[in-house]
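**Student:** Below are the structure tokens for one structure; questions will follow.
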Amino acid sequence: MSEDENLKKARTKAKLSLLAVITIILLSLSLAVVIGLHPISSAKYQERAQDFKGALATYDKGLENSIYAVDPQIYVARAYCLRRLKRYDEGIASLEKADELHAKYPTFFWMVGSDHSPVQYRILIERGWNYYARKQYQEALKCFDQALAILQMDSAYQGRASCYEEMGELKKAEAEYKKATEHTVACTRERAHHEVGSFYRRQKRYDEALKWLDKAQTYEACAGVNREKALIFWNKGDLDKASEQFHISLSRQRDPRVFADRAQLRREKGDGQGALEDIQSARQMDPDNPVYQEEERVILSETGKLN
């Protein structure tokens, strides 16, 4: 083979290699755009702020796009929002649609969920929580058990723990919450330890709760953990520490529940104006919540500002 032919082949190979690199880059960029615009990526911030109506609207808007309309994960996410809005039957219908799409396109979509759990697992988990919300604990347990048969992961153990807790079987609940911490992935370790701390806080075992909550914060600086700590200090009578923890929580995530909590704390401390500002912030974020509406009316009455 002549030198010219060798040079020609080398140039052709170089061009093909460059074309392959460019193709990979373009595919990666396209995939990044698809993921970045995915409704789940957009709505997660609304969910964290407890804006479930807004998140649901984001999902429904996303389903207008044919690329996302066949993704069962969106229907699971919709079911979560519908459950939080107490629209349970609509949530079940959304899960049935997720099941249908998953059966039709079993390997089409990869994992958008940060925990990388299979879609069928997430469907069962959400169905379990739907039963739980309606106090059908035995049915919920069946769903969580079916999920565990697919994947041993913390969220299924937490579901079982919550059922046992509501059923008054506290030893079983405690064991399941702790078992959840043994079956986590990197992005769920904070949640698993947080749940144990929350359980101990509800049982008024405050020192144990704080240890688990401190451990949770070694994995992630979660606003929800600071809310839990605030409730503990409040129950222990340390209102200043409680106020500090509410402040930290809100600096990390604006949450109407935390504003409402702090409003009650400020009322207890005699800060009527601060309480009013907080409850109005809660109402602004969740205007249809009847509890916040009534609390605002009470605080307005106490401060002499009720018309």
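Please treat every number below as a calculation from the coordinates, not as lab data. These figures come from a predicted structure and were not determined experimentally. Here the Cβ positions follow ideal geometry from the backbone for every residue, glycine too, while neighbour counts run over all protein chains shown.
**Student:** Output the relative contact order of the chain, whole-number percent, from Cα pairs under 8 angstrom with separation of 6+ residues.
**Tutor:** 9
**Student:** For the stretch 216-236, list residues with backbone N below 12 Å from a point placed 7 Å from the Cα of Gln253 toward its Cβ?
**Tutor:** 220-228
**Student:** Over 32 Å between Cα atoms: which of Lys135/Lys211; Lys104/Lys215; Lys171/Lys215; Lys53/Lys229; Lys178/Lys241 fall into that group?
**Tutor:** Working: Lys135/Lys211 30 Å; Lys104/Lys215 42 Å; Lys171/Lys215 22 Å; Lys53/Lys229 28 Å; Lys178/Lys241 27 Å.
Going by Cα-Cα distance, Lys104/Lys215 fall outside the 32 Å limit.
**Student:** Ok, one more. Quick one: among Ala69, Ala230, Ala186, which has the greatest mean-square fluctuation in a GNM of the chain with alpha-carbon springs under 10 angstrom?
**Tutor:** Ala186
**Student:** Want the number for Glu139 to Gln264: 0.36 nm per residue separation, take away the alpha-carbon distance, what's left? Could the numbers behind the result be given before it?
**Tutor:** Numbers: separation 125, 0.36 × 125 = 45.00 nm, distance 3.63 nm.
Net length gain for the segment: 41.4 nm.
**Student:** When a footprinting reagent is the concern and you count Cβ atoms within 10 Å, what order do Asp51, Asp60 take, fewest first?
**Tutor:** Working: Asp51 20, Asp60 13.
In increasing order of surrounding Cβ atoms, one gets Asp60, Asp51.
**Student:** Using a simple charge model, +1 on the beta-carbon of Lys and Arg, -1 on the beta-carbon of Asp and Glu, nothing else, what dipole does the stretch 254-307 show about its Cα centre, in debye to the nearest 20? Intermediate values should be presented prior to the final figure.
**Tutor:** Working: 9 positive and 12 negative charges, 27 e Å.
For this selection, approximately 120 debye.
**Student:** May I ask you to derive the relative contact order of the stretch 172-231, considering only C-alpha pairs under 8 Å and at least 6 residues apart, and to give it as an integer percent?
**Tutor:** Values: 56 pairs, mean separation 17.9, N = 60.
Reported relative contact order: 30 percent.
**Student:** While we're on this one: What FRET efficiency would be calculated for the residue pair Cys187, Glu208, taking the C-beta separation as r and a Förster radius of 22 Å, to the nearest 0.05?
**Tutor:** Details: r = 25 Å, r/R0 = 1.12.
The pair Cys187/Glu208 has a calculated efficiency of 0.35.
**Student:** How large is the charge dipole for the stretch 158-207, taken about the Cα centre, if only the Cβ atoms of Lys, Arg (+1) and Asp, Glu (-1) carry charge, to the nearest 20 debye?
**Tutor:** The dipole of the stretch 158-207 has a size of about 80 debye.
**Student:** What is the Cα centroid distance between the stretch 238-307 and the stretch 133-182, reported in whole angstrom?
**Tutor:** 33
**Student:** Test of the criteria: in the stretch 116-180, which trypsin sites (Lys or Arg not before Pro) are in a DSSP loop and have at most 16 other Cβ atoms within 10 angstrom of their Cβ? The partial results should precede the final answer.
**Tutor:** Numbers: sites: Arg122, Arg127, Arg134, Lys135, Lys142, Arg160, Lys171, Lys172, Lys178, Lys179; in loops: Arg134, Lys135.
Listed in order of number, the matching sites are Arg134, Lys135.
**Student:** Do any GluC sites (Glu not before Pro) in the stretch 175-271 lie in a loop, going by DSSP, with at most 13 other beta-carbon atoms within 10 Å of their beta carbon, and if so which?
**Tutor:** Details: sites: Glu176, Glu182, Glu190, Glu195, Glu208, Glu220, Glu228, Glu244, Glu268; in loops: Glu182, Glu220.
Here the sparse-neighbourhood loop sites are Glu182.
**Student:** In what order do Asp271, Asp89 fall by count of nearby beta-carbon atoms within 10 Å, going from fewest to most? Write down the numbers at each step before the final one.
**Tutor:** Working: Asp271 16, Asp89 10.
Exposure proxy ranking, most exposed first: Asp89, Asp271.
**Student:** Further, regarding this structure: Tally Lys and Arg at +1 and Asp and Glu at -1 over the other residues with C-beta under 11 Å from the C-beta of Val119: what net charge comes out?
**Tutor:** Details: positive: Arg122; negative: Asp71, Asp99, Glu126.
Spelling it out: positives minus negatives among the neighbours equals -2.
**Student:** Could you work out the local net charge near Ala77, counting Lys and Arg as +1, Asp and Glu as -1, over the other residues with Cβ closer than 10 Å to its Cβ?
**Tutor:** Details: positive: Lys44, Arg78, Arg122; negative: Glu47, Asp71, Glu126.
Local net charge: 0.
**Student:** For the pair Ala69 and Leu170, what calculated FRET efficiency results from E = 1/(1 + (r/R0)^6), where r is the Cβ-Cβ distance and R0 = 41 Å, to the nearest 0.05? Walk me through the numbers on the way to the answer.
**Tutor:** Working: r = 44 Å, r/R0 = 1.08.
Given R0 = 41 Å and the Cβ-Cβ separation, E is 0.40.
**Student:** Relative to the first principal axis of the alpha-carbon coordinates of the chain, what is the inclination of helix 119-133, with its axis defined by its Cα atoms, in degrees from 0 to 90 and to the nearest 10?
**Tutor:** Approximately 10 degrees, to the nearest ten.
**Student:** Now a separate question. As a check on your grasp of the helix formula, calculate [θ] at 222 nm for the chain: sum -39500 (n - 2.57) over DSSP H runs of n ≥ 4, divide by the residue count, round to the nearest 500. All intermediate terms of the calculation are to be shown ahead of the outcome.
**Tutor:** Details: 16 runs with 233 residues, N = 307.
Mean residue ellipticity, 222 nm, calculated: -24500 deg cm²/dmol.
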